[in-house]
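The values are calculated or read from the model by the stated rules, or taken from the named source; none is laboratory data. This is a predicted model, so every value here is computed, not measured. Backbone-built Cβ (ideal geometry, glycine too); neighbour counts: all protein chains shown. For the accessible areas, the whole protein counts, side chains as well, though only heavy atoms, and no ligand, DNA or RNA atoms are used. Shrake-Rupley method; radii C 1.70, N 1.55, O 1.52, S 1.80 Å.
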Amino acid sequence: MSAALILALPACTADPAQPLRGALTTPTDIDLHWRDERPGIAGHVLEFATEEAGPYTVLQYLAPQVTSYRHPDLMPHTTFSYRLRSYRGPTVRPHRTERPDGLRFTWTDRSSGEDGFLLEIRKPDGARYDPVAVLAPNTEATDFVPLPDERHAAYRVRAFFLAERSNVVRLTTGE
């Protein structure tokens, strides 16, 4: 069994209010944890890279209440770098059209300079909205095929604007 290695290195644009921590919990699983209690944060984007300078790839867009993520089944003997970016932005209720093969959402893009749009869902028994689709800037429609328990959920669209980055966490997987 490998010992856990925890290493956090600062990024040049790091926000100290967003400390990202990580741990190698098995030789090929990395658990990440953070806290961000700043007001107005709409969510976070978790990114990773296998080279120190990037390029970074988005792992997931996360609701603001989510404060941990497991990156499982990684390549052995590989260094992974992680960073977290917060995002902000207004939401709108899209017009929803039922289709035999799914749902169609349309809205008016009233934002300017957004990094994109997120389709967010709140399941009937849920307490929060979670991102389920990432859309390009200047978009005003999308099709979505819901799972059976998602057809009667509440949906909204968020114009998102990426904000500051967290510190960078680098961990190397084991055998």
Quiz item: What order, most packed first, do the peptides 19-27, 34-42 have when packing is the mean number of other Cβ atoms within 10 Å of each residue?
Solution: 19-27, 34-42
Practice problem: Can you tell me the relative contact order of the chain? Whole percent, Cα pairs under 8 Å, sequence separation 6 or more. | Solution: 32
Self-check item: Relative contact order computed over segment 93-175 (Cα-Cα under 8 Å; 6+ residues apart), in percent
Solution: 35
Quiz item: When the accessible area of the chain is split by element with a 1.4 Å probe, what percent falls to carbon and sulfur?
Solution: 52
Quiz item: Size of the dipole of the chain about the Cα centre, Lys and Arg at +1 and Asp and Glu at -1 on the beta carbon, nothing else charged, in debye to 20?
Solution: 540
Quiz item: Along segment 113-125, what does the Karplus equation 6.51 cos²θ - 1.76 cosθ + 1.60 (θ = phi - 60°) give for ³J(HN,Hα), rounded to whole Hz, x for Gly and Pro?
Solution: x, 5, 7, x, 10, 10, 8, 10, 10, 10, 5, x, 9
Practice problem: Please give the solvent-accessible surface of residue 117 in Å², to the nearest 10, using a probe radius of 1.4 Å with every protein chain present. | Solution: 10
Self-check item: Euclidean distance between Cα centres, segment 84-147 to segment 35-81, Å
Solution: 21
Practice problem: Might you report the magnitude of the Cβ-based charge dipole of segment 112-175 about its Cα centre, with Lys and Arg at +1 and Asp and Glu at -1, to the nearest 20 debye? | Solution: 180
